[in-house]
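S.K.: This structure is in structure tokens; I'll ask about it shortly.
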Amino acid sequence: MKKLLNLMLIFAGLFSIFGFDLYIESNQTIEENIIANEDSIVYVRVLVAGDAMCHSPQYTNAKSGNGYDFSGCFQYITEILSQGDLNIVNFETTLAGEPYSGYPQFSAPDEYATSLKDAGFNFFLLANNHCADKGTNGTIATIEKLQNMQISSAGVYLNEQDRQDRYPALLEINGIKIALLNYTYGTNGLSVKKPVSINLLEDTTQIKKDIETAKNKQADIIIALLHWGTEYQRYPDKQQKEKAQFFFKNGTDIIVGSHPHVVQPFEYYMYDNADTTQKKLIFWSLGNFISNQRKEHTDGGIIASFTITKNLISNQVQVENHTAIPYWVYKNTSFFPGYFVLPTENFINDTTTFKFSDEDNKAFKRFIENTENLFQDSR
Ligand SMILES: [Zn+2]
């Protein structure tokens, strides 16, 4: 024992004599290892925004010269969007042309879409209850105009071939293959004529096939963007829970929801798979991204944020750093264009950009407080 101890001391001595060199050498090795690991991991940051509505007061206030300009609405959120690689928004209107209309059957000026694109959104969701608001021709016009604007979308299709070509949407970003699915609970009783089609949540046979297609096309991750839930309800309903089970069980990795016009929690949702209980990430509802709705809970929302990582050596894919970025929609038509999406963190103490009235201040604080309370249980 004593011999061994002596030997260890001699070694320790050697290390201390040559310590400096050894230290540098081993440090270099560690650094090289880190670089090698970093090189083998690729990342995609995904941001998802909720319901982009276009009520008539919004376009009325965005009138500019012979057209419309909504870019000012999004000027304070662009910095956050610039940090995302894949920025998704639920485009809850049509581009059916004039006469423009708000609730209940929407048709927004084309500039509404270009402003969202310019703000940083690169993927629009169209499977929602307003996509058939202007009939078959309105749906066709929306698809074609977005294509002309070079905006990718999912949810509605011109015909069978178009659906086959573009669905599930498969995006390869930074070496990660992401499949996007998009379905709606319904279309307010309106329908479109064949061959135009809308992805419906009730069509479970088709959904299973779509998920299989995504898997067959070697998607690293499958994200389902679902238009569902009960309007103005701050917690998921029975249908949402059942559908979440269905999507997760069949191989979906993440679910992000929209439609209730209010924020619902995000969490790791437990679901039954074979004999085990597993958990996957779900954002139940993101609330309004922008709208003319001013009632409590409807005047703001969250952007879902998460990072997908892939280890190119092991092929392991993970979802990391998920969080919710809250913003409040400020309406003040004495400023152009009257509506502003304000990240709460940057604006709650800001007294120079806008001077909020007492009423606005109260509403802003109320939104933050409500959202924080709601997220106490979110993880
Ligand atoms: Zn909706």
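The values are calculated or read from the model by the stated rules, or taken from the named source; none is laboratory data. Treat the numbers as computed from the prediction; the structure is a model and nothing was measured. Glycine gets a Cβ as well: all are built from the backbone with ideal geometry, and neighbour counts include every protein chain shown.
S.K.: Looking for whichever is away from the ligand (no atom under 16 Å from the Cβ), under 30 Å from ASN332 (Cα atoms) and within 15 Å of the chain's Cα centre (by Cα) here; the options are GLY84, GLY97, GLY72. Which one fits?
M.R.: On the way: GLY97 fails: within 15 Å of the chain's Cα centre (by Cα); GLY72 fails: within 15 Å of the chain's Cα centre (by Cα).
Exactly one of GLY84, GLY97, GLY72 is away from the ligand (no atom under 16 Å from the Cβ), under 30 Å from ASN332 (Cα atoms) and within 15 Å of the chain's Cα centre (by Cα), namely GLY84.
S.K.: For the stretch 35-78, enumerate the residues that are touching a helix residue (DSSP H, G or I) at 6+ places or on another chain (Cβ under 8 Å) and of a type in the set (A, V, I, L, M).
M.R.: LEU47, ALA52, ALA62, ILE77
S.K.: Give the residue, chosen from ALA214, ALA219, that is part of a loop (DSSP other than H, G, I, E, B), crowded, with 23+ Cβ neighbours inside 10 Å, more than 16 Å from the ligand (Cβ to nearest atom) and of a type in the set (A, V, I, L, M, F, W, C). Steps first, answer last, please.
M.R.: Details: ALA214 fails: part of a loop (DSSP other than H, G, I, E, B).
The unique qualifying residue is ALA219.
S.K.: Might you let me know whether the stretch 318-330 holds any residue that is surrounded by fewer than 14 Cβ atoms within 10 Å (Cβ to Cβ), aliphatic (A, V, I, L, M) and more than 25 Å from TYR103 (Cβ to Cβ)?
M.R.: no
S.K.: When you check LEU342 against the structure, is it among the hydrophobic types (A, V, I, L, M, F, W, C), under 21 Å from ILE221 (Cα atoms) and more than 16 Å from the ligand (Cβ to nearest atom), yes or no?
M.R.: Working: among the hydrophobic types (A, V, I, L, M, F, W, C): yes; under 21 Å from ILE221 (Cα atoms): no; more than 16 Å from the ligand (Cβ to nearest atom): yes.
The answer is no for LEU342.
S.K.: Give the residues of the stretch 133-158 that are within 16 Å of the ligand (Cβ to nearest atom), assigned to a loop (DSSP other than H, G, I, E, B) and surrounded by fewer than 24 Cβ atoms within 10 Å (Cβ to Cβ), sorted by residue number.
M.R.: Those that are within 16 Å of the ligand (Cβ to nearest atom), assigned to a loop (DSSP other than H, G, I, E, B) and surrounded by fewer than 24 Cβ atoms within 10 Å (Cβ to Cβ): ASP133, LYS134.
S.K.: Restricting to the stretch 223-236, give me the number of residues that are in contact with a Pro (Cβ under 9 Å, 6 or more places away or on another chain) and either not assigned by TED's automatic domain parsing to the domain that holds THR205 or not hydrophobic (A, V, I, L, M, F, W, C) (or both). Break it down into steps so the answer makes sense when it comes.
M.R.: So the first thing to find is which residues in the stretch 223-236 are in contact with a Pro (Cβ under 9 Å, 6 or more places away or on another chain), and the list is 228-236.
Now narrow it down to the ones that are either not assigned by TED's automatic domain parsing to the domain that holds THR205 or not hydrophobic (A, V, I, L, M, F, W, C) (or both): 229-236.
Residues flagged as in contact with a Pro (Cβ under 9 Å, 6 or more places away or on another chain) and either not assigned by TED's automatic domain parsing to the domain that holds THR205 or not hydrophobic (A, V, I, L, M, F, W, C) (or both) within the stretch 223-236 amount to 8.
S.K.: So if I check each of PHE354, PHE289, which one is within 17 Å of the chain's Cα centre (by Cα), in the same structural domain as TYR68 (by TED's automatic domain parsing), surrounded by 12 or more Cβ atoms within 10 Å (Cβ to Cβ) and over 28 Å from LYS215 (Cβ atoms)? Write out each step before concluding.
M.R.: On the way: PHE354 fails: within 17 Å of the chain's Cα centre (by Cα).
Just a single option satisfies the conditions, and that option is PHE289.
S.K.: Looking at GLU242 and the list (1) touching a helix residue (DSSP H, G or I) at 6+ places or on another chain (Cβ under 9 Å); (2) modelled with pLDDT of 95 or more, which single condition is not satisfied?
M.R.: Unmet condition: (1).
S.K.: I've got another one for you. Please work out which one of (1) more than 21 Å from LEU226 (Cα to Cα); (2) touching a helix residue (DSSP H, G or I) at 6+ places or on another chain (Cβ under 6 Å) is the condition THR94 fails and give its number.
M.R.: (1)
S.K.: Taking the conditions exactly as written (touching a Phe, Trp or Tyr at 6+ places or on another chain (Cβ under 6 Å) and either surrounded by fewer than 22 Cβ atoms within 10 Å (Cβ to Cβ) or at pLDDT 95 or above (or both)), does GLY257 satisfy them or not?
M.R.: Working: touching a Phe, Trp or Tyr at 6+ places or on another chain (Cβ under 6 Å): yes; either surrounded by fewer than 22 Cβ atoms within 10 Å (Cβ to Cβ) or at pLDDT 95 or above (or both): yes.
Answer is yes for this residue.
S.K.: Can you work out which of the residues in the stretch 159-189 that are assigned to a loop (DSSP other than H, G, I, E, B) and in contact (Cβ under 8 Å) with a residue 60 or more places away in the chain is nearest to ALA244 (Cα to Cα)? Outline the logic, then answer.
M.R.: Here is the first cut: in the stretch 159-189, the ones assigned to a loop (DSSP other than H, G, I, E, B) are 159, 167-168, 174-175, 185-189.
From what's left, in contact (Cβ under 8 Å) with a residue 60 or more places away in the chain: 174-175, 185, 188.
Details: ASN174: 28, GLY175: 28, TYR185: 13, ASN188: 22 Å.
By that ranking, first place goes to TYR185.
S.K.: Run down GLY300, GLY338 and say which single residue is more than 23 Å from the chain's Cα centre (by Cα) and surrounded by 14 or more Cβ atoms within 10 Å (Cβ to Cβ).
M.R.: Details: GLY300 fails: more than 23 Å from the chain's Cα centre (by Cα).
None of the others qualify; the one that does is GLY338.
S.K.: Among what's in the stretch 248-303 and is among the aromatic types (Phe, Trp, Tyr) and in a strand (DSSP E or B), pick the residue that is nearest to the ligand (Cβ to nearest atom). Let's see the steps before the verdict.
M.R.: First, pick out the residues of the stretch 248-303 that are among the aromatic types (Phe, Trp, Tyr): 248, 266, 268-269, 271, 283-284, 289.
Among the residues that remain, those that are also in a strand (DSSP E or B) are: 266, 268-269, 271, 283, 289.
Numbers: PHE266: 19, TYR268: 25, TYR269: 21, TYR271: 25, PHE283: 16, PHE289: 12 Å.
So, considering only residues that are among the aromatic types (Phe, Trp, Tyr) and in a strand (DSSP E or B), the one nearest to the ligand (Cβ to nearest atom) is PHE289.
S.K.: Residue pairs, Cβ under 7 Å, 6 or more apart or interchain, first in the stretch 99-114 and more than 16 Å from GLY65 (Cβ to Cβ), second modelled with pLDDT under 95 and assigned to a loop (DSSP other than H, G, I, E, B). List them.
M.R.: none
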